[in-house]
Amino acid sequence: MIAVVLLVLSIYFGSDRMKYFDPALIIYTSATVFATFGVVYRYAVWLQKPPTALYWRRGWQLFLQPGSLLKHIAELCRLFVQNFILQIFIERRSYLRWAAHFLLSWGCLLAAAVTFPLVFGWVHFDPAPNNPSMYVPVVMGIPMGRFPAYSLIGWTTFHLLDFSAIGIIIGMVLSFRRRMYDTDAQALQSFTMDFLPLILLFAVSITGLMLTVSSTFMHGDSYGFLALIHAFSVIVTLLYLPFGKFFHIFQRPANMGVHFYKAAGAVSDRALCARCGADYASSMHVEDLKQVLAELGMDYTFDDGTHYQDVCPTCRRKMMAVNQLQAIGGPGFL
Amino acid sequence: MENIFVIDPARCIGCQACVQACGECGTHRGTSMIHLEYIDRDVSVQTTPQICMHCENPTCAQVCPADAIKQNPDGVVQTALKPRCIGCSNCVLACPFGVPKYIAQADQMMKCDMCYDRTSVGKRPMCATVCPSEALFFGPAEVWERRRRGRLVNTWKFGRQTVKTGVYMVMPGNSALPESTVQMDVRLGAIGVVQRQEAKR
């Protein structure tokens, strides 16, 4: 609720007490407020899960260590560029997959960066007082330079949403192609988690482009109808945001916390397997996992007080055969 | 006829056919998910294959902070969902059978998904298809009953924790016995391991 109140207050004050808020866009705003509530609510529920809660807490503890904070901030910036901006980790899976994700994600982010401030009234364009052919972007009530309306800058600015729509459509085609022909994707994909988001993004992009086509080449023919179905597709996408695949946008950055957790574990005490003595993880990780298992109601302790987590994964695999051979009474099969 | 998946480590001859075949599975092309371990290479040639046991209540999914491991309605525990997996390795450490693999290049967990592209359409998984000694068996329960001996077990005790799995292991005894449990004893040395450890101390 706090997030929703903050959003509503920022819309109220950011649009100069609703002076620059377009009432025709109220339905977009309502859907965004709902999506914000849904995302924050789901995130809060997610953080209550024992393993998530523990790693969330531990990740911040390690990140905010006083002696290493500056180093950690620099590392976070590097990870942000590598994982969020360039998305290198997807390129390692396949170049086409990276291209599809890059176009889809940046198309969506660009569209969101343009749409939300305009819808909320945070940004509007005023003609320059002494020269109406010049446009002045006003951000939160503050004029931010000026540019000629009929210029490359003006044309690019007014068509940013078209560029993002083209990027999204190319990315969507690449993703759809993978889902149609890739056996990996085919085995595991589902309509609601994998196809619906692509269909929604396609609907938003194509109807958005049709608005431009209508206003530029068709003298605004059917503009009202197109605006209606565009609004409908955007609202359905916003309502889907907290529940479907798009939630990974908010969930996935936890990977950066894991990076700090692993880095701290690599230079701290190591856990040695109780059976073979091999170094198999950090003590911190093993002890945290014991705590998580206990919170989940799973009891892997033995009567003598030892814990199954103190045995390395390799020995666990061997134990399957060892226990079977013990039952058989030595080598040989049944 | 319902298909069952059975592992019988004692029959494993270490030929690595399952390892090679696993890498050709459509759901994880090029990366073999099966484990093949020597139980004590110094003193024995005995090997053991390890596939995902597809637990009814998978510990890996429970400890996943990102909700990345899902179970299909038919009980198959899937590999991590790529958009969600944050590469924390919790599942790698928590799995009682030591199954999930952390793939550093992708910064993701991957694991055996019982060749879901094949088994979901009635085909056998790659490993069971090529296993020459039936250490890995996938087929109708009636076929197994007809030509094999021993009892099938899919309930395990790790300390105080009971784990029930979709995959069975062969243990000595009558196959008609009621369901029984394997009490996993981690103190057992695999022919010399304990002695060597004691010598080190």
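The values are calculated or read from the model by the stated rules, or taken from the named source; none is laboratory data. Note that the structure is a prediction, hence the values are computed from the model and not measured. In this analysis, Cβ positions are derived from the backbone assuming ideal geometry, glycine residues included, and neighbour counts consider all displayed protein chains. Only protein heavy atoms, including side chains, enter the accessible area calculation; ligands, DNA and RNA are left aside. Shrake-Rupley method; radii C 1.70, N 1.55, O 1.52, S 1.80 Å.
Structural remarks
- Segment B:132-148: number of residues that are surrounded by 15 or more Cβ atoms within 10 Å (Cβ to Cβ) and in a loop (DSSP other than H, G, I, E, B): 4
- Test: A:L238 is in a helix (DSSP H, G or I) and surrounded by 17 or more Cβ atoms within 10 Å (Cβ to Cβ): yes
- Answer from A:H230, A:H248 - the residue that is modelled with pLDDT of 90 or more and either touching a Gly at 6+ places or on another chain (Cβ under 8 Å) or assigned by TED's automatic domain parsing to the domain that holds A:S283 (or both): A:H230
- Candidates A:L96, A:L69, A:L76: the one that is farther than 21 Å from A:H248 by Cα, more than 14 Å from every other protein chain (Cβ to nearest Cβ) and surrounded by fewer than 16 Cβ atoms within 10 Å (Cβ to Cβ) is A:L69.
- Residues of segment A:253-308 that turn out to be open to solvent by 70 Å² or more (accessible area, probe 1.4 Å) and touching a Lys or Arg at 6+ places or on another chain (Cβ under 7 Å), as a count: 1
- The set of residues in segment A:21-36 being in contact (Cβ under 8 Å) with a residue 40 or more places away in the chain and either in contact with a strand residue (DSSP E or B) (Cβ under 7 Å, 6 or more places away or on another chain) or in a helix (DSSP H, G or I) (or both) consists of A:L25, A:I27, A:Y28, A:T29, A:A31, A:T32, A:F34, A:A35.
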